[in-house]
Structures are given as structure tokens and as C-alpha cells.
Amino acid sequence: MVSEKVELKRQLGVLHGVGICFGLVVGSGIYITPSGVIQNAGSPALCLILWSVAGVMSTIGTLCMAELGTTYPKSGERYAYLGIMYGPKAAYAYLWTYMLGVRCPANVMKALILAQSIMTLFFADCEMPSTAVTLIAIFIQALLTFLNCLSVKWSARTQATLTMVSVGALSVISVIGFVYLGQGKFGDLEFPWEGTSTSGMSIAVALTTAIYAFGGGSALNYLVEEVKRPSRTLPLSISISMTLVIVLYVSVNLAYLVVMGPREMLQSQAVAVTFAQKTIPQVAWLMTICISLNLASSFNSGLLVGSRLCFVGSRSGQFPQALSLVHIERNTPISSLIFQLILQAALTGVADFNLLFRNAATVNILFNVMVISAMVKMRFTHKDLLRPFKVPLLFAILYLVCMVYLLVVKTIMFPVETFIGVTVILIFTTVMYYSTVVNKAPKIIQRWSEKITTATQKILFACPAAPDVDF
């Protein structure tokens, strides 16, 4: 019998935090298809300006989350903040929307792209068997889930190592670009404003695409209860990681534009690989390996984030209790990790879940607007609230305006999908909330749930975390 309280331990420092935040932000996009911005911006100069603006705005947003994370040091990020600011129903809606519509689909996409990248080594000149790609993707998900079940610290160390590889690869691309500039090879930058788009909608789409590329910088907020000295570590990790991402994203896009130009970027299916073939053909294959390792890093960050949200939702009584089990010896949220793996494996076999992802992403922006607007309001209504870290109010308002703008652009681009997605998600979560949380599930289901929880405890050698409900 375990006498001490079973809970997640504070094991993560600044280096771990930087790795987790950086890993979730930098997916495969900057290596494979960073063409959405240049396609809509039209000119190299405007493209680089939009990347810089998007980076600054995203950094402000993640620092707003750092303020909330140090004010309310609860894991779960927006789930915790929505519950505190708007009540349990809003938190419940976010929990289901993010897990089923955002995090799990995003993790599956990364695993599938990683599997395809591995398969190119064996099927370079012929079509890949889809079943093999699916099985490899599931194996990758299972392998990294197993690592996360073993140790939080080892998972974070792996994350930090993979992050250094990614930084190294992006730095090599950046240095090559600057070498070209030093040699007087400016490429399309000789005419930086040529082709600049005059369409307000095209520029808006370009900026929206760039902002999405910076998403995920607040990943550490999902694990804040496992962070050592969160009032210092959280804002410092976010500041370092986002600064690093901005510098690398802008310099890498500069290198792409110098060496390849907009036309070749738009034609390439894997921009970084094409770039390497043109500049360092002898070791171009290394770029494929770097892309694979970066995808593994991004996927691992997604596992950390999703499993903690499941864990916190269960601990608050809005997910089954079996998902809040913590391994007695390893102090990992083992049941939520396995549950997330099952969801992802089920989605891996689905032919196309892009529609689900787009609809949920729109609602996700809406939740972001709700959180930041409440944060701004509380600056006036809760002036005496202890805030170890504060973002200048003007910056917070600027970011709020940016989020509203994103929501409007998204609605204009996909009006029918947005309406259907928001309606379906709100109806589904409302029905589920009142049938399972407000009006408790039927007693027979509660009894079976208790039996499943008990059996899961024995199988996984785990105990439920202490209930922790602040809303």
C-alpha cells in the first residue's frame, strides 16, 4: 500500500522547457512546404516581413499564456484557464475539441509523414504501400508512447536532444543562405518587392499561414505542475524558444529565397531536400534524416501535451477516472498516455480527417479569444491578483485583436465549414456535458467505470491522482 501522495513530480527545467516548446512549434512545415506565405505574399520582401510579424505576434501570445500559467500554476493550459474564467462547461468543450479535433489528428499527421519519410529509403522510385506506412506510423506512436510511460525526465532529455538536431539542421540552411549573400548571389532578392500582392485577402491569408506555423509555443503550460520554479522557468523557456524559432524561420526562408527563389519553392514537394540537393548534394540525404528526427521531436511534444490534458481533465472529473492514473514508481500519467495512443491508432486508419482538423482549429481560435479577452478584463477587475510575470497590457490587447482577425479570416475563407464545425462541436459537447457531468451517468455505467479503473490500476501498477477541481 502506498502511503505518500501519488502525483506528477516537478522534474522539468529551462532546457527541457525550451525543447518541449520548440519541438511542438517546429513541425515538418519549415522543411517541406513553407510556400503558403510566399505564394500569397507575392514578393520576397513582403514574405520575410510577414514571417517576422507573425513571429512577434505569436511570441506575445505565448507570453500571455506564460502570465496565466504563473498566475494559475495548473496544468492543462487553456483548459484550466477557461474553467477558472468561464466555468466548467467551457473547459469541457475545450477538452473534447482539442483532444479529438486538434491534438490527436495533429499527432497522427506527424507520425504518418515520419513513416513516409522512412519509407522513401526503401521505395524511392515506386509507390509506397499504404498499409506499410500506416503500420510504421502506429509503431512509431507506440514506441514514443512507451518512452513517455517510462520516464518524464528521459522523455524530456530525448526531446532536448532532438531539438538540438533540428536547430543544427536549420542553422546549416541559414548559414548557407548567408554564404550565398556574402558571395554576392542574391537571386530573386535583387528585386525584393517584385510581384508584391495588392490583395488584402491574399496578404491576410499569408499572415494567417505564418501565424499557424508558430503555433504551439505555450506547450509547457500543459505541464506546468511538472516544471521546477514555474514563475521563472515558464516565461524564460517560452522567451528563449520563441526567439530561437523567429530567428531560424526568418533566416531559413531568406536562404530558400536566395538559393531557390519563389517559383522553385512553390514547385518543390520538399523544399529543404531540394535546397540541400542544390547546395550540398554529397550529403543531401542527411536533410531527410533531419526532417525525420524533427518530426519525431514534434510528435513527442504532442504526446506530452495531449496526455497531460487528458490527465487534468480526468482529475477534474470531466474524463473517466481511469485516465488520471499515475504510475506509482515512475510518476508518469501512464493511463492517459495509453488512451491517447488508442485514439491516435484509430485515427491513423481514417482516410481523411483534414475537415475535422480545420473545423476544430476554428473553434480553438475562438477559445483563444475567450481566454485572452478574459485575461485583459481581469487586469481591470482583479488588479490585486498576484501575477509573478506580466505582459504589458498594450501587447495583450494587440494580440487579442490579432486573434479576432484570425477568426474573421478563417470564417471568410471557410464559411460553411466554420458554421457546421462550430455548431456540431458546441451541440456535441453540451449534450455530453449535461449527460455525463451535470446529470451523472447511469449507475450501471458508474459501476463498470469503477471496475475498469480498479482493473487498470492493477495492470498498470498505478494510483489515481488526488482530485483537483478549481472550477
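The values are calculated or read from the model by the stated rules, or taken from the named source; none is laboratory data. Nothing here was measured: the structure is a model prediction, and the numbers come from that model. Note: ideal-geometry Cβ built from the backbone for every residue, glycine included; neighbour counts use all protein chains shown.
Brief remarks on what is shown
- Of all residues making up region 299-342, the number that are hydroxyl-bearing (S, T, Y) and either over 18 Å from the mean Cα position of the chain (by Cα) or closer than 20 Å to K89 by Cβ (or both): 5
- Residue selected from region 188-224 under the condition of a type outside the set (A, V, I, L, M) and under 30 Å from F311 (Cα atoms), by the criterion surrounded by the most Cβ atoms within 10 Å (Cβ to Cβ): N221
- Test: residue in region 72-79 that is assigned to a helix (DSSP H, G or I), within 15 Å of the chain's Cα centre (by Cα) and closer than 18 Å to G317 by Cα: yes
- Qualifying positions in region 149-169 - small (G, A, S), crowded, with 18+ Cβ neighbours inside 10 Å and over 15 Å from S292 (Cα atoms): S155, A156, A160
- When we screen V258, V273, V245, V252 for residues that are over 16 Å from I176 (Cβ atoms) and part of a helix (DSSP H, G or I), the only hit is V245.
- Among the residues of region 169-182, none qualifies, meaning not one is within 24 Å of F389 (Cα to Cα) and among the hydroxyl-bearing types (S, T, Y).
- Scanning region 254-268 for residues that are more than 19 Å from V167 (Cα to Cα) and surrounded by 14 or more Cβ atoms within 10 Å (Cβ to Cβ) gives L257, V258, V259, M260, G261, P262, E264, M265, L266, S268.
- Residue tally, condition over 15 Å from the mean Cα position of the chain (by Cα) and in a helix (DSSP H, G or I), over region 210-242: 13
- Scanning region 77-109 for residues that are modelled with pLDDT of 90 or more and of a type in the set (V, I, T) returns a single hit, I84.
- The residue pairs whose first member lies in region 206-226 and is more than 14 Å from I246 (Cα to Cα), whose second member is of a type in the set (K, R) and buried (at least 24 other Cβ atoms within 10 Å of the Cβ), and whose beta carbons are closer than 7 Å, counting only pairs six or more residues apart or on different chains, are Y222/R308; L223/R308.
- Looking only at region 95-148, and only at residues there that are touching a residue at least 40 places away in the same chain (Cβ under 8 Å), over 23 Å from G306 (Cα atoms) and polar (S, T, N, Q), the one that is surrounded by the most Cβ atoms within 10 Å (Cβ to Cβ): S117
- Residues (outside any helix (DSSP H, G or I) and not aliphatic (A, V, I, L, M)) located in region 106-122: T120, F122
- Region 295-321, residues that are at negative phi and part of a loop (DSSP other than H, G, I, E, B): S316, Q318, F319, P320
- Yes/no for A66 being assigned to a helix (DSSP H, G or I), touching a residue at least 24 places away in the same chain (Cβ under 8 Å), buried (at least 24 other Cβ atoms within 10 Å of the Cβ) and touching an Asp or Glu at 6+ places or on another chain (Cβ under 9 Å): no
- Any hit, region 139-153, residues being within 21 Å of the chain's Cα centre (by Cα) and closer than 30 Å to V259 by Cα: no
- Some residue of region 348-362 being under 16 Å from I113 (Cα atoms) and either modelled with pLDDT of 90 or more or polar (S, T, N, Q) (or both): yes
- Some residue of region 193-208 being of a type in the set (D, E, K, R) and part of a helix (DSSP H, G or I): no
- Qualifying residue in region 241-250 (condition: at pLDDT 90 or above and touching a Cys at 6+ places or on another chain (Cβ under 7 Å)): yes
- Scan region 203-228 for residues that are at pLDDT below 85 and of a type in the set (S, T, Y) and the total you get is 3.
- Some residue of region 167-180 being over 22 Å from F22 (Cβ atoms) and not in a helix (DSSP H, G or I): no
- Condition check for M57: within 16 Å of the chain's Cα centre (by Cα), assigned to a helix (DSSP H, G or I) and of a type in the set (A, V, I, L, M): no
- Any hit, region 123-131, residues being assigned to a helix (DSSP H, G or I), over 21 Å from Y212 (Cβ atoms) and at pLDDT below 90: yes
- When residues of region 269-288 are limited to those that are under 25 Å from the mean Cα position of the chain (by Cα) and surrounded by 15 or more Cβ atoms within 10 Å (Cβ to Cβ), the one farthest from V252 (Cα to Cα): T288
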